[in-house]
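Student: Before we start, here is the structure in question, set down as structure tokens.
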Amino acid sequence: MDMDGEVEENSRRVQVRFVTKLKPPLKVPPTSIAIPSNLTRLGLSTIVNNLLQAGEPDWKAEPFDFLIDGELVRMSLEQFLLAKSISAEKILEIEYIKAVAPRKEEEPSFHDDWVSAVDGSNPGFIVTGCYDGLARLWKAAGVCTHILEGHSDGVTSVGVINPEGAESITVATASKDRTLRLWKLDREEPVNNPIKIRAFKILRGHRGSVQSVAAQTSGDMVCSGSWDCTINLWRTKDNADGDLSIKKRKVNDHADESQLEGEAVSTLVGHTQCVSSVVWPQHETIYSASWDHSVRRWDVETGKDLSDIFCGKVLGCVDVGGEGSALIAAGGSDPILRIWDPRKPGTSAPVFQFSSHASWVSACKWHNKSWFHLVSASYDGKVMLWDLRTAWPLAVIESHEDKVLCADWWRGDSVVSGGADSKLCISSGISVL
């Protein structure tokens with residue numbers, strides 16, 4: 001049997017049964033078959049596609065990945081069985097899943113400067129932040145519907161506040177100009193694209209560049225991390241109690257609509273250097289990463305630092321997700337993406353370390369429907385897709401021509417990323433689920 005030249009005549013054979021959780025027509029017959037032991041996943045994928053084609057003549061081949069005892073196969077079958085001390089004498093059960101890799105690269109969406117922030121949490125649009133001081137909404141590749149203008153320096157972080165289905169959309173932006181701004185947008189698409197929007201509320205109080213913004217799950221508040229080493233909490237409502245001054249702006253001697261200013265309702269103090277990244281995954285808990293080498297977990301009500309993880313490296317990004325929405329992923333000034341499980345007491349050692357990048361890890365983001373999958377971006381110009389069941393990246397996306405500064409998932413099956421090449425890139429058709 002010759003599988004794309006992978007198999008030698010004298011290769012030993014193993015009895016295997018292919019199983020899957022995929023729905024028909026992606027199920028092969030459950031009978032066991034003998035296959036060469038020196039097959040890698042390319043050869044295994046060819047076999048599965050041949051079996052599927054036997055039952056469905058019009059079947060179009062697609063790539064698959066393979067799991068044995070819950071671990072992805074990233075070497076030949078023979079090497080895997082040897083490494084894991086699995087007997088080749090019994091029938092080997094191999095689970096196949098759709099390979100997680102982009103099927104399509106969309107045309108890039110060009111900006112006037114570095115694309116430093118991206119949010120893909122709403123399936124209807126992508127928000128980007130740019131060093132030209134503007135944030136933008138994109139409904140598809142190359143189609144910008146809104147421009148959010150008002151910041152006097154680069155936008156470092158963006159976030160969609162409203163949960164899906166809300167009547168209007170609220171977006172938060174953070175900037176090197178030391179402020180955050182809140183923007184309201186109608187769900188109706190503008191007739192003349194793009195339209196320019198002014199913030200309805202400016203949040204002042206940080207003494208340094210604001211590096212990151214994250215919304216509480218309810219949407220009532222946002223938190224921000226800054227170069228001033230603090231995390232501030234802010235109300236997002238139009239008329240929060242007592243902390244607003246109303247300002248009118250005059251344009252050509254005509255009064256424009258009012259613009260509100262908000263002050264922080266509380267400040268979390270403890271980091272000793274720049275707070276580079278914040279996330280707010282549960283109502284009462286904020287996580288932060290800092291240049292002081294720590295990831296901290298904060299109690300929102302008391303303002304107390306509940307736990308610290310130190311890793312010995314400057315940290316620039318953090319996210320919480322995976323199994324039980326409890327795993328902490330973080331990246332920073334070395335090429336390693338680290339993952340901790342805080343449910344395991346008595347150790348601050350990472351449970352996973354991924355080291356395929358060649359430079360600073362600038363972004364990491366869990367897939368919100370998967371226990372295993374996350375995306376990372378790096379100054380090495382690459383975006384990588386990861387599965388906790390293997391130490392190697394599932395896919396390496398090389399759409400950018402310079403440092404990649406930000407990345408996120410979009411619509412569950414796409415990865416969006418921005419970089420120093422002034423491009424927003426969309427890689428779509430990724431079969432995570």
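Derivation of every value follows stated rules applied to the coordinates shown; laboratory data play no part. Here the structure is a predicted model, which means the values were calculated and not measured. Don't worry about glycine lacking a Cβ; one is built from the backbone with ideal geometry, like all the others, and counts go over all protein chains shown.
Student: For the chain, what is the calculated [θ] at 222 nm in deg cm²/dmol (nearest 500), taking -39500 (n - 2.57) for each run of four or more DSSP H residues and dividing by its residue count?
Tutor: Theoretical 222 nm ellipticity from helices: -1500 deg cm²/dmol.
Student: Further question: Give me, ordered by chain and number, the residues 5 or more places off Ser276 or on other chains with an amide H under 5 Å from its own placed amide H.
Tutor: Placed amide hydrogens put Ala289, Ser290, Trp291 under 5 Å from Ser276.
Student: Would you give the gap between the C-alpha center of the stretch 174-234 and the C-alpha center of the stretch 79-116, rounded to a whole Å?
Tutor: So the separation of the two Cα centres works out to 36 Å.
Student: In the structure shown, do any of Lys27/Lys365; Lys98/Lys369; Lys21/Lys104 have a Cα-Cα gap over 23 Å, and if so which?
Tutor: Over 23 Å apart, Cα to Cα: Lys27/Lys365; Lys21/Lys104.
Student: May I pose another question? Restricting to DSSP loop positions (anything but H, G, I, E, B) with no more than 16 other Cβ atoms inside 10 Å of their own Cβ, which trypsin sites (Lys or Arg not before Pro) remain in the stretch 80-119?
Tutor: Values: sites: Lys84, Lys90, Lys98, Arg103, Lys104; in loops: Lys84, Lys90, Arg103.
Within the stretch 80-119, the qualifying trypsin sites (Lys or Arg not before Pro) (loop, at most 16 other Cβ atoms within 10 Å) are Lys84, Lys90, Arg103.
Student: Mind pulling the angle between the C-alpha long axis of helix 41-55 and the longest principal axis of the chain? Nearest 10 degrees, somewhere in 0 to 90.
Tutor: 80
Student: Same structure, new question: Please check: in the Gaussian network model of the chain (C-alpha springs, under 10 Å), which one of Met384, Met221, Met75 has the largest mean-square fluctuation.
Tutor: Met75
Student: Set Lys and Arg Cβ to +1 and Asp and Glu Cβ to -1, take the dipole of the chain about its Cα centre, and tell me which of Gly142, Leu39, Cys311 lies farthest positive.
Tutor: Result: Cys311, furthest along the dipole toward the positive end.
Student: With the crude spin-label approximation of a point 7 Å out along Cα→Cβ, what separation in nm comes out for Arg13 versus Leu433?
Tutor: Each label point lies 7 Å from its Cα, and together they span 4.0 nm.
Student: For the chain, modelled as a Gaussian network with Cα springs under 10 Å, which listed residue fluctuates most, Val416, Val191, Val213?
Tutor: Val191
Student: Report which label in (1) 1.44; (2) 0.97; (3) 1.10 holds the value of Cα Rg over 2.2 N^0.38 Å derived from the coordinates of this structure.
Tutor: (3)
Student: For the stretch 143-237, state which GluC sites (Glu not before Pro) are in a DSSP loop and have at most 10 other beta carbons lying within 10 Å of their beta carbon.
Tutor: For GluC sites (Glu not before Pro) across the stretch 143-237 that sit outside H, G, I, E and B with at most 10 neighbouring Cβ atoms in 10 Å, the list reads Glu164, Glu167, Glu188.
Student: Near the amide H of Ser11, under 5 Å away, which other amide H atoms are found, from residues 5 or more places off or on another chain, if H is placed in the peptide plane?
Tutor: none
Student: To continue, here is another question. Only bridges whose two residues both fall in the chain count here: according to DSSP, what percent of them are antiparallel, nearest 5? It would help to have the intermediate numbers written out before the result.
Tutor: Values: 113 of 123 bridges.
The antiparallel proportion sits near 90 percent.
Student: Are there trypsin sites (Lys or Arg not before Pro) in the stretch 286-346 that DSSP puts in a loop and that have at most 12 other Cβ atoms within 10 Å, and which ones?
Tutor: Details: sites: Arg296, Arg297, Lys304, Lys313, Arg338, Arg343; in loops: Lys304, Lys313, Arg343.
Counting only loop positions with at most 12 other Cβ atoms within 10 Å, the trypsin sites (Lys or Arg not before Pro) in the stretch 286-346 are Lys304, Arg343.
Student: Hey, in the GNM for the chain with a 10 angstrom Cα cutoff, which one of Gly124, Gly154, Gly322 fluctuates hardest?
Tutor: Result: Gly124 has the largest fluctuation of those listed.
Student: Given a cut-off of under 8 Å on Cα pairs at least six residues apart, what relative contact order in percent is computed for the chain?
Tutor: 12
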